[in-house]
1. How many residues are modelled with pLDDT of 90 or more and within 14 Å of another protein chain (Cβ to nearest Cβ) when one looks only at segment B:59-73?
2. Which of the residues spanning segment A:109-152 are in contact (Cβ under 8 Å) with a residue 40 or more places away in the chain, over 13 Å from A:Asp92 (Cβ atoms) and among the β-branched types (Val, Ile, Thr)?
3. Among the candidates B:Val13, B:Val33, which residue alone is in contact (Cβ under 8 Å) with a residue 60 or more places away in the chain, part of a helix (DSSP H, G or I), more than 14 Å from every other protein chain (Cβ to nearest Cβ) and over 25 Å from the mean Cα position of the chain (by Cα)?
4. So which strands (runs of 3 or more DSSP E) stay within segment A:69-178 end to end and still have 1 or more residues that are within 14 Å of chain B (Cβ to nearest Cβ), under 20 Å from B:Lys242 (Cβ atoms) and in contact with a Phe, Trp or Tyr (Cβ under 6 Å, 6 or more places away or on another chain)?
5. Which condition from (1) within 14 Å of chain A (Cβ to nearest Cβ); (2) of a type outside the set (Asp, Glu); (3) not in a loop (DSSP other than H, G, I, E, B) is the one that B:Arg89 breaks?
6. Right, B:Phe302: among the aromatic types (Phe, Trp, Tyr) and surrounded by 19 or more Cβ atoms within 10 Å (Cβ to Cβ) or not?
7. Does at least one position in segment B:287-300 carry a residue that is modelled with pLDDT of 80 or more, facing another protein chain (nearest Cβ under 10 Å) and farther than 21 Å from B:Ala52 by Cα?
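The values are calculated or read from the model by the stated rules, or taken from the named source; none is laboratory data. What you see is a predicted model; the values in this text were computed from it and never measured. In this analysis, Cβ positions are derived from the backbone assuming ideal geometry, glycine residues included, and neighbour counts consider all displayed protein chains.
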Amino acid sequence: MKTEFLALVASAALLAISSGCGTAPGSAPQSSQAAAAVDASQYKLTEEPDGAVGVIAAREATDDGDPVVLVGRVGGSEQPWVDGRAAFTLLDASMSVVAEGEDSGEGEICAGDCCATERLHCTTLVKIVNSQGQLVKIDSRELLGLKVSDMVVVKGTVKKDENGNFVMLASGVYNRNE
Amino acid sequence: MLGQRLLPWDYGVRNLLRRPSRSALTLGGLTIVVLLVLVVVGFIRGLEQSLAATGNPRVVLVYALSSTAAIENSSIPGRTPALLAASVRGVRRQYGVECVSPELYLGTRITTANMTEPGMGLVRGVTTVAPLVRGQVQLVEGNWPQAGEVIVGRLAHSKIGAGKADLAIGQQVTFDTQSWTISGRFNAAGSAFESEIWAPLSELQTALKRQDLSLVAVAMDSPDGAADVDLFCRERIDLELKAISESSYYAAMQKHYRPVRMLGWVVVALVAGSGIFAGLNTMYGAVVGRIRELATLQTLGFRRRAILLTLIQEATLLSCAGALVACFVGLVFVDGTAVRFTMGAFMLSVDSVGIAIACGVAALLGIVGALPPALKAMRQPVVEAIKSI
């Protein structure tokens, strides 16, 4: 009787643990599911493309729809990533980031809000798009394994308007730090 | 046979009643200690609950890039809500209306009829879309404000430093050189909105001679939609906007108030520590006066362990009674008391967590407070103890 009772208690505990703490099948994080469905290798360049220019130069020299190769560092702001989307902020390679609150000189910005206006001129948003030109809905850290401060070379086209908005629609990314 | 037994339960209870004044004083001291713990925990819990209740992961706040995290300093173009609604997919629609709420938010000096000095209050200019986006807000009395009218949150009086009656429906409040009639009162599920005054956006803009907005609150179909608003703001750098989900915004606020919360927990530890020392002192006094009685119990055959247990039982009974009194006082007089802070006002919260912590502290006071003096008394030889005065 005692053994049966103990077995019952053990079964109930196991049931509670499996239902309360476990992850039900099919409830994996949405981004991981999406990442598994997308072939990330198509967005990772195996060789560095030639003719890369910095973000500041590209902002001035290119027009809407121009093909371009950009080089820069991932970062330049406190949050360079767009959560759940293959998009990130690219900082011109000539710029360096100082600690928030420190005085920033020529060619320096901090990652905080105080340098928000300066940041607009030396950074750009990079959006990884698929063959239909749609933004890939997977976090770029997951899709491309990128980290803050990685030096990357991005190949794609420019999206620019008369208001000075400059976005890079990237088809592939080469990570120099890999 | 007697040596194996514990002392009867009612022996300890009767002992407490034999010395009513000492027991009452100890009970009073313990009650105050537990009440202090309850108030400090209530403060921390109230602050946490207020910030947690305000943040909704489906709501995205869009404000000026240059304003850092201070939304009241933000100024964005008046066309931003229309641009957002037209450019971002996944914006929630309710009753045929897109849930995009343009808002003007400011901290200003507010005067009521009975106030001699104006108090700092929070005013939000809103449209009828605001309650669709901020689902916690419920108009509980009166009507939605028309021209020259405002509605007030249930804690707005506390934020301003006015009496509750001063913000009753029909009363007037004055800010920015204009008088406004209160047309209604609202609750917001304990969130920070409850300490605000809401006015019609266009009326407020006219009064302030402003055409811009402070922020736009956008309700999305899913929490994932916050990323699309963020993308829009990063693409349209000419607008100089920044997007953050409301839950992240208030989570950052929680981080901002972490030192206050840490200080609160330190106070809890200090109060509990001082309570234990006070308990030790009282129990030393109580046990020293009973050395002969305790020795007599030993000569009767009761084991030291049994006597020790009865001493702990007495102290724990007293501290638990203190906890009960403190919890009753806390629930009746402390729970719901409004406290003003920079972001508005919140209510002290005597909830299950606070009561559990208070009861735990009380039990600790009883056990830890009784153990050292009881052990000391038990170490004394029976012959010497029985002769002591």
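1. Summing the residues that are modelled with pLDDT of 90 or more and within 14 Å of another protein chain (Cβ to nearest Cβ) in segment B:59-73 gives 3.
2. A:Ile128, A:Val129, A:Val136, A:Ile138, A:Val148
3. Only one candidate passes the filter, namely B:Val13.
4. Hits in segment A:69-178: A:87-92, A:123-128.
5. Unmet for B:Arg89, out of (1) within 14 Å of chain A (Cβ to nearest Cβ); (2) of a type outside the set (Asp, Glu); (3) not in a loop (DSSP other than H, G, I, E, B): (3).
6. yes
7. no
To keep it simple, each residue is scored yes or no on (1) within 28 Å of the chain's Cα centre (by Cα); (2) farther than 26 Å from B:Gln49 by Cα.
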{"site": "B:Ala219", "(1), (2)": "yes, no"}
{"site": "B:Gly225", "(1), (2)": "no, no"}
{"site": "B:Arg234", "(1), (2)": "no, yes"}
{"site": "B:Leu241", "(1), (2)": "no, yes"}
{"site": "B:Ser245", "(1), (2)": "yes, no"}
{"site": "B:His256", "(1), (2)": "yes, no"}
{"site": "B:Arg261", "(1), (2)": "yes, no"}
{"site": "B:Trp265", "(1), (2)": "yes, no"}
